[in-house]
Amino acid sequence: HPLPADGKSCDFTLLRRAGDDLRYGFIAIADPQIWAPKEFAKLAAAADDIAATVRSYGGMPFHGICCGDIVSHDHSLYGRYNEVMERTGITFRNAMGNHDMKLWGRSHETSAAAFEAMYGPAYYSYNVGEVHYAVLNDNYYIGRDWYYIGYLEERQLAWLERDLSFVPAGTTVVVALHIPTAFAGKDEKPFDYAQAERSLCNHRALHRLLEPYDAHIVSGHMHTTTNCPVREGLYEHNVAALSGAWWQGAICTDGTPAGYAVFEVDGGEVTWYYKSVGHPRSFQLKIYDSKDDEAFAGRVVANVWNCDPAWTVEMHADGGRPVRMERTTAVDPQARRLYADASKLDHKWITVTPSDHYYAAPLPAGTRRVEVTARDRFGNTYRAE
């Protein structure tokens, strides 16, 4: 609700929910980024997939978080987007993305108007069970054309500092925002001004505020997958796009299937996995060899999109002993084929993205059958052959 004319206060009533909310789940999506009305049918299919996932938990409560770029540029599509997402059966809270900004204004302070008119404040917090959630707006419009950087102004940092002052140390805290804050090894590299719109420039200030907590950052923006354990007690989940490659194909440009993150919460404990739209939960990797890409000659290469350093990936050739696969950087052959001909795409700038969520091992000559086993940090095992 908008503040009244005097701008001082707005009274409202809280309704008690049944249960204690100690066990629940939340769905994190990123970059649905509706560009044209024709894409709502595909969004509806994704919403139905989310609904099915929620139903599979037999009534356990869920809520959703969208990490921004709800639409691509036309904010009049918000209403239709909301109607389609009601198919999920859960309430979604939203973070602003750079495409949710009102551009061409004279300052950053004008950029949140369209988002706030529909969804309320661009930064806010809430609690569910024993977990504290803070939703931030780290898209900083610089007042020139469409340009922006990843930045949290002092007003938000001071608000968050006060907000967290009421949260006991050791509490699990989830921060949702659009532009990611961390990539492995970033702090060891010189600052790259050309990349200022791809990650949060003053991320160290946010990370310091989160030091007393068991914190998870959930972000989007990149349309690809990166999981980054920043330090003990701080983990960033950079979630791939629900839209895949901007609704031009069912996989993202790094080969991650279009999908969403599922988090399970038990008190302050959080576990998670990635759910691909149209696939079972067990679908967590794809494997390739030289028939798929000449660059893979003599190797088996597995795309394990939701991996992190705690995962282990092994190959079995013709049922032989397991061989540990080594993490590497590669381009997904399926993505290369899908997005090779720009003339078939609505967006001509789409191209494949190299990523490091691949694992490789030498392929013994004459091998007829290969099985790859991936084990996540929670002991869940996934297979492809």
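The values are calculated or read from the model by the stated rules, or taken from the named source; none is laboratory data. For clarity, every value in this text was computed on a predicted model and none was experimentally measured. Neighbour counts are summed over all protein chains in view; Cβ atoms, including those assigned to glycine, are modelled from backbone coordinates with ideal geometry. For the accessible areas, the whole protein counts, side chains as well, though only heavy atoms, and no ligand, DNA or RNA atoms are used. Shrake-Rupley method; radii C 1.70, N 1.55, O 1.52, S 1.80 Å.
Here is how the numbers come out for the structure above:
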quantity: Value of [θ]222 nm, deg cm²/dmol, for the chain, DSSP H segments ≥ 4, -39500 (n - 2.57) each, nearest 500; calculated: -4000 deg cm²/dmol
quantity: Spatially proximal lysines relative to K275 (Cα-Cα < 21 Å; intrachain offsets below 8 disregarded); calculated: K42, K286
quantity: Accessible area of segment 232-305 belonging to carbon and sulfur atoms, whole % at 1.4 Å probe; calculated: 52
quantity: Student exercise, segment 1-160 dipole from Lys, Arg, Asp, Glu Cβ charges, in Debye to nearest 20; calculated: 240
quantity: Set of aspartates and glutamates with alpha-carbon distance to K186 below 15 Å, sequence-local pairs under 8 removed; calculated: E197, E236, D356
quantity: Phi-based couplings in Hz for segment 166-183 (Karplus 6.51, -1.76, 1.60; Gly and Pro marked x); calculated: 9, 10, x, 4, x, 5, 6, 10, 10, 10, 10, 7, 8, 7, x, 9, 8, 10
quantity: Length-normalised contact order of segment 271-330 in % [C-alpha pairs under 8 Å, at least 6 apart]; calculated: 21
quantity: Taking the chain and dividing mean pair separation by its residue count, relative contact order in percent (alpha carbons under 8 Å, at least six apart); calculated: 14
quantity: Å² of accessible area per residue within the chain, as computed with a 1.4 Å probe and no ligands counted; calculated: 48
quantity: Among (i) 45; (ii) 30; (iii) 21, the entry derived from the coordinates for percent of Cα pairs over 37 Å apart; calculated: (iii)
quantity: Most positive-pole-ward Cα, S111, A182, G150, against dipole of segment 36-189 from beta carbon charges; calculated: S111
quantity: Separation in nanometres of the label points that stand 7 Å from Cα toward Cβ, at T91 and L22; calculated: 2.2
quantity: With every protein chain in place, segment 33-150: carbon and sulfur % of accessible area (1.4 Å); calculated: 51
quantity: Cβ-defined net charge surrounding I251, 10 Å radius [Lys, Arg +1; Asp, Glu -1]; calculated: -1
quantity: Longest site-free stretch - the chain; sites: chymotrypsin sites (Phe, Trp or Tyr not before Pro), DSSP loop, at most 16 other Cβ within 10 Å; calculated: 192-282
quantity: Percentage relative contact order, segment 70-139, counting C-alpha pairs under 8 Å, at least six apart; calculated: 28
